[in-house]
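Peer 1: For reference, the structure I am asking about is given below.
Every number here is computed from the coordinates shown, using simple stated rules; none is lab data. What you see is a predicted model; the values in this text were computed from it and never measured. With ideal geometry, Cβ positions are generated from the backbone for all residues, glycine too; neighbour counts draw on all protein chains shown.
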Amino acid sequence: MIPDTVIVLAKSPRPGRVKTRLQPTFSGAEAAALAAAAIRDTLDTVARLGPRRLVVAWDGPSVGWLPPHAVVLPQRGTGLDERLEHVFADVFALDPAPGGVDIGPGRPTLLVGMDTPQLAPRDLDVDWAGHDAVLGPSEDGGYWAIGFRRYVAGAIRGVPMSTSATGNVQYARLKTLGLDVLELPALLDVDEPADAARVAAGWPGSRFGRLHRRLVESPCSPTILFDAALAGAAVEIRVGEHGEGTVLSIDGATPAESGLGALIRPGHLDASAWQRMSEADEVVVSRCEGPVLDVGCGPGRFVEALASRGVPVLGVDLSRAAVDQTRLRGASALVRDVNDRLPGEGRWGTVLLADGNIGIGGDPLALLRRCRDLLRPGAVALVETSVDPHEDRRTTVTLHGPSGRRSHAVPWAVVGAQAVVELAARAGFVAVEDWRVSGRSFVMLRHAG
Ligand SMILES: C[S@@+](CC[C@H](N)C(=O)[O-])C[C@H]1O[C@@H](n2cnc3c(N)ncnc32)[C@H](O)[C@@H]1O
């Protein structure tokens, strides 16, 4: 039986406001695009089903692609339970329906959300005979659909939402109210990246499936996967042509067999190591002359350590997550490319290129020249180098993350102390000191003035 009214409950797909559990595997904008695809798939399914009335219970700014015949009602209330309850009150109060169709109490009204883009018309075309309500449980313990023949006050309000018990508590509530409930088959809700991958694989032709495939199959910005690593996701670094070289990790434990930088060795990227100050890091901090600019500051262990010693310091990093984490440590950082305009150009006392960051951009001479422009005459650049003093290699780095996501290859350089000293001379520096601690190598360069 086709319900007389189908309600699609949806939230405007704004980055950072919807499908946030898909982040950080997907960026906020990508998660929002997946949410929009899921809503549109759901609307297409309802259109194919052809109920007499489509209601969209909408939260947030409107979008241009809602069906023109849909009755759009703003959601009311605070919690999801309250908003669901209000939607049914509002819909059963809409009588007669637009176009004079008499749809009112006693006629099946089914509500679905925006987390099941895999819905087919047959999932909604159920036999209500003898039932007052329907409930479609989802695999995670919630529910993907709920429907009534009439407004039943208190049917939803107070049911705890988004828990593994939500479906059971909702079912019990309906029974307590004396309703005869038809249970629909359980469906998978898209909440986590793994759910998205399952739904996309099972329904490759849906908007959601097509978009998911495009996002996963085309290389993304490395910062998306770097942010994912900082949030604890398993991310690998691959070095070499087309990213097909050695699989490496960044974990701070041992010297770099790869020579990519002291924090990189075979395994997977363990950004938690970037949170801890090591003995070698302490030596770096002791050499810094304020104010310090930490280029590629990551989650900010150096920035925090310097700030806590009263040294004026700013971190810059391309990664929003890295900058957020630095700020959470109470230190200052900007989301910025080192080549963008930066505060205090020509006035910094130290530029820090730690953790192999001399590799940034794959052109160490250009990076050293940029550092020289950032420094005041006589100031210093502290550079962590490859442990092999003669190494001087240009390569690429590719990040590989969850759900098969991979970044495009970014140019990187692997440079030993001797090569850094030679390049530094061409960039207007003189080398004043080099040292090794715990298998990590560093060079101090002074702006020749
Ligand atoms: C090897 S990690 C270094 C981690 C960091 N030094 C720490 O203490 O945790 C390289 C860092 O450089 C950043 N990065 C890469 N290219 C950059 C650029 N052009 N400008 C600024 N930061 C950059 C990356 O986002 C990453 O955080």
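Peer 1: Provide the net charge surrounding Asp195, with neighbours chosen by a C-beta distance below 12 Å and charges set as Lys +1, Arg +1, Asp -1, Glu -1. Present the calculation step by step, with values, prior to reporting the outcome.
Peer 2: Values: positive: Lys19, Arg21, Arg198; negative: Asp115, Glu139, Asp140, Asp189, Asp191, Glu192.
Net local charge, Asp195 excluded: -3.
Peer 1: Show the residues, 5+ positions off or on another chain, whose built amide H is closer than 5 Å to the amide H of Asp189.
Peer 2: Glu139, Asp140
Peer 1: Does the stretch 296-449 come out rounded, prolate or oblate, given a ≥ b ≥ c as the square roots of the eigenvalues of its C-alpha gyration tensor, rounded meaning a/c under 1.5 and, failing that, prolate meaning a/b above b/c? Write down the numbers at each step before the final one.
Peer 2: Details: a/c = 1.57, a/b = 1.10, b/c = 1.43.
Because a/c hits 1.5 or more and a/b fails to exceed b/c, the stretch 296-449 counts as oblate.
Peer 1: Follow-up question, since we're still on this one. Using +1 at the C-beta of Lys and Arg and -1 at the C-beta of Asp and Glu, which of Ile39, Gly202, Gly158 has the Cα lying farthest in the positive direction of the dipole of the chain?
Peer 2: Of the listed residues, the answer is Ile39.
Peer 1: Fewest first, what order do Val430, Val56 take by the number of other Cβ atoms within 10 Å? Can you show the working numbers first?
Peer 2: Values: Val430 13, Val56 22.
By the 10 Å Cβ count, ascending: Val430, Val56.
Peer 1: With 21 Å as the cut-off, how large is the P(r) tail for the stretch 363-449, expressed as percent of Cα-Cα pairs?
Peer 2: Numbers: 1398 of 3741 pairs.
Roughly 37 percent, rounded to a whole number.
Peer 1: Per residue of the stretch 420-432, in order, report the coupling 6.51 cos²θ - 1.76 cosθ + 1.60 (Karplus, θ = phi - 60°) as ³J(HN,Hα) in whole Hz, putting x for Gly and Pro.
Peer 2: 4, 4, 5, 5, 4, 4, 5, 8, x, 10, 10, 7, 10
Peer 1: Between Arg52 and Asp373, what is the label-to-label distance in nm when each label sits 7 Å out along the Cα-to-Cβ direction?
Peer 2: So the label points at Arg52 and Asp373 sit 7.0 nm apart.
Peer 1: Give me the net charge of Asp125's neighbourhood, meaning all other residues with Cβ under 13 Å from the Cβ of Asp125; Lys, Arg count +1, Asp, Glu -1.
Peer 2: -1
Peer 1: So if I place +1 on the C-beta of Lys and Arg and -1 on the C-beta of Asp and Glu, and nothing else carries charge, what would the dipole magnitude of the chain be about its Cα centre? I want it in debye, nearest 20. Write out the running numbers ahead of the final one.
Peer 2: Values: 47 positive and 53 negative charges, 185 e Å.
Here the size comes out at about 880 debye.
Peer 1: Here is a further query. Order by neighbour count: Thr20, Thr5, Thr396, Thr78, fewest other Cβ atoms within 10 Å first, most last. List each step's numbers first, then the result.
Peer 2: On the way: Thr20 14, Thr5 23, Thr396 18, Thr78 7.
In order of increasing Cβ crowding within 10 Å: Thr78, Thr20, Thr396, Thr5.
Peer 1: Amide H to amide H, which residues 5 or more places from Ser386 or on other chains are under 5 Å from it, using H placed in the peptide plane?
Peer 2: The answer is Val415, Gly416, Ala417.
Peer 1: Under 4 °C and 1.567 mPa s, how fast does the chain diffuse according to Stokes-Einstein, given a Kirkwood radius computed over C-alpha pairs? Answer in µm²/s, whole number.
Peer 2: 52
Peer 1: Here's another thing I want to ask about it. So for the stretch 5-212, considering every pair of alpha-carbon atoms, how many percent are separated by more than 24 Å?
Peer 2: On the way: 8096 of 21528 pairs.
In whole percent, the long-distance tail amounts to 38.
Peer 1: Among residues other than Glu217 whose Cβ falls under 15 Å from its Cβ, what is the net charge (Lys/Arg +1, Asp/Glu -1)? All intermediate terms of the calculation are to be shown ahead of the outcome.
Peer 2: Working: positive: Arg210, Arg213, Arg214, Arg405, Arg406; negative: Glu30.
Once all neighbours under 15 Å are counted, the net charge is +4.
Peer 1: Take the Cα of Ala93, step 7 Å along the line toward its Cβ, and report every residue of the stretch 133-167 whose backbone nitrogen sits under 17 Å from that point.
Peer 2: Counting backbone N atoms under 17 Å from the label point, the list is 150-157.
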